[in-house]
Each structure stands twice: as C-alpha cells, then as structure tokens.
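One structure is given below, encoded as structure tokens.
The values are calculated or read from the model by the stated rules, or taken from the named source; none is laboratory data. In this text the structure is predicted, and so the values were computed from the model without any measurement. Cβ atoms come from the backbone with ideal geometry, glycine included; neighbour counts cover every protein chain shown. We work out accessible area using only protein heavy atoms, side chains counted, and drop any ligands, DNA or RNA first. Shrake-Rupley method; radii C 1.70, N 1.55, O 1.52, S 1.80 Å.
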Amino acid sequence: NAGVTQTPKFQVLKTGQSMTLQCAQDMNHEYMSWYRQDPGMGLRLIHYSVGAGITDQGEVPNGYNVSRSTTEDFPLRLLSAAPSQTSVYFCASSYSIYQPQHFGDGTRLSIL
Amino acid sequence: DQQVKQNSPSLSVQEGRISILNCDYTNSMFDYFLWYKKYPAEGPTFLISISSIKDKNEDGRFTVFLNKSAKHLSLHIVPSQPGDSAVYFCAASAVWGTQGGSEKLVFGKGMKLTVNP
C-alpha cells in the first residue's frame, strides 16, 4: 500500500518557470489537500478538494492552481515561480475532514 | 489571524518524565482536533485526535485533553522516550457554511520536543 506519493522529492526552479507537483493516493480518499511548510510558520493550507471536480482555496492560494479530475490525483501547479514560493510542500488525503489525514513525504522546492 | 496557536516553540524533558504540549484555538466552530508528529525530512504522521463531544482521549502513552470553555487542548506523553523527539503540530478542523461548503484543517506552528536520555 503506497499511501500518498509525491513527486518529485526535490526540485530547483528559476524565477518565472512553471511546474507541477504531483500527488497521488491509493486509499480512495475523497479529501485531499496541499500545504506548505516554512520555518516558524507551521503548515499552511494552499488548496483542498472534497472530491473529484471540487476544489477550494486555503489560507495561501495565490500563485498556485489545482484541479481534481480523478479521486486518486491532486496536482499542484506553480504558474510563474517566485523566490517566495521556496518551501517544502506536503500533500495529504483522508476520507473526510473529520478523519486523520495521511501525508506524503514532501517536495522540497527551491526557486532561484 | 492565527486560529490555532502553539505558543511554546520548544520543550525539553528527561526520559521517563511527562511531556505536556499545549495548544490554544480561537474559533469556536472547530469541533475536531488532532496532534501530528513530524520527524525531519518526513511528512507529518497522525498521533491522536479528539472530538469536541469528548474532553479526553487516550492511546497508550498519549492522552489528549480538551477544554472547550477555555479553547485549549493539551497532549500528555507519559513516559517520554528519546524516540518521541520530534516536532509536534496541533490541528483543528471544522465545516464552515450552511451547506458545508468549506472544510479546512488549520495547523499550529509546531513545537519541537526533545527527550533527553
């Protein structure tokens, strides 16, 4: 059972480049979410989805897009990378908001 | 506006003693609370949770207490072990809106626990 799989694990981008962080889960979870972790800031919610075709914004959505075409996948897109988006990104999933979320191991993103 | 607060950034305890981690929240709509543990270079892992209809939940060495009137919860680890050394996050969730249109989990900033042998 793979759980929540995030790819890539590490990435370096130049300012202005775009990229997609991949997240896949094999637990048939309806709820999926993306967080970023910055020093001293904890985990901040970027976007979340309560099911295929439904997404909504979290606390820090600017500069990021998401879509949920299948239950399994929830990619996060950086449209035009900025140094302020240097962070560790975590994807998580659960059956609902009232169930514990399972986290991936993160993607460490550096933007120069 | 920080809705979930972990005011102490770190805690150091001796092996075998009790560790008490505190968390305060401001939004009375929160009705489900969780604690996660995180080791470096790994994703957070779920530790224990509590619903707002309870005031205590135990799982082995871990107990979470909820005081709704004070909007405060705490995690007790007894006895503490060196392997418990990690960053601990408090989190709270609720469903906002009349039709459940917003379902969010809000995390605190985390607290680093060090258990010394």
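Return yes or no: is B:Lys104 within 27 Å of A:Tyr89 (Cα to Cα), surrounded by 15 or more Cβ atoms within 10 Å (Cβ to Cβ) and over 15 Å from the mean Cα position of the chain (by Cα)?
yes
Within region B:19-45, which residues are farther than 22 Å from B:Lys68 by Cβ and not in a loop (DSSP other than H, G, I, E, B)?
B:Ser19, B:Lys37, B:Lys38, B:Thr45
Consider region B:1-45. How many of its residues are free of Cβ contacts under 8 Å to residues at least 24 places away in the same chain and more than 10 Å from every other protein chain (Cβ to nearest Cβ)?
Summing the residues that are free of Cβ contacts under 8 Å to residues at least 24 places away in the same chain and more than 10 Å from every other protein chain (Cβ to nearest Cβ) in region B:1-45 gives 2.
Among B:Gly60, B:Gly110, which is on the phi > 0 side of the Ramachandran plot and in contact with a strand residue (DSSP E or B) (Cβ under 6 Å, 6 or more places away or on another chain)?
On the way: B:Gly60 fails: in contact with a strand residue (DSSP E or B) (Cβ under 6 Å, 6 or more places away or on another chain).
Sole residue among the options that is on the phi > 0 side of the Ramachandran plot and in contact with a strand residue (DSSP E or B) (Cβ under 6 Å, 6 or more places away or on another chain): B:Gly110.
Considering A:Thr55, A:Thr7, A:Thr20, which residue is within 14 Å of chain B (Cβ to nearest Cβ) and farther than 22 Å from B:Phe107 by Cβ?
Details: A:Thr55 fails: farther than 22 Å from B:Phe107 by Cβ; A:Thr20 fails: within 14 Å of chain B (Cβ to nearest Cβ).
Step by step, each of A:Thr55, A:Thr7, A:Thr20 is checked, and only A:Thr7 is within 14 Å of chain B (Cβ to nearest Cβ) and farther than 22 Å from B:Phe107 by Cβ.
Of A:Gln25, A:Gln17, which residue is touching a residue at least 40 places away in the same chain (Cβ under 8 Å) and open to solvent by 20 Å² or more (accessible area, probe 1.4 Å)?
A:Gln17
Could you check A:Ile54 against (1) on the phi > 0 side of the Ramachandran plot; (2) surrounded by fewer than 17 Cβ atoms within 10 Å (Cβ to Cβ) and say which number it fails?
Going through the list (1) on the phi > 0 side of the Ramachandran plot; (2) surrounded by fewer than 17 Cβ atoms within 10 Å (Cβ to Cβ), A:Ile54 breaks only (1).
Pick out the one residue from A:Gly106, A:Gly63, A:Gly40 that is on the phi > 0 side of the Ramachandran plot and away from chain B (no Cβ under 11 Å).
Testing whether each residue is on the phi > 0 side of the Ramachandran plot and away from chain B (no Cβ under 11 Å) leaves just A:Gly63.
Looking only at strands (runs of 3 or more DSSP E) that lie completely in region A:1-86, which have at least 2 residues being within 24 Å of B:Lys38 (Cα to Cα)?
By residue number, A:4-7, A:10-13, A:19-25, A:31-38, A:42-51.
Restricting to region B:1-18, name every residue that is open to solvent by less than 70 Å² (accessible area, probe 1.4 Å), assigned to a loop (DSSP other than H, G, I, E, B) and within 12 Å of B:His72 (Cβ to Cβ).
B:Gln6
So which residues in region B:55-71 are within 13 Å of chain A (Cβ to nearest Cβ) and either at pLDDT below 95 or under 10 Å from the mean Cα position of the chain (by Cα) (or both)?
Passing the criteria: only B:Val64.
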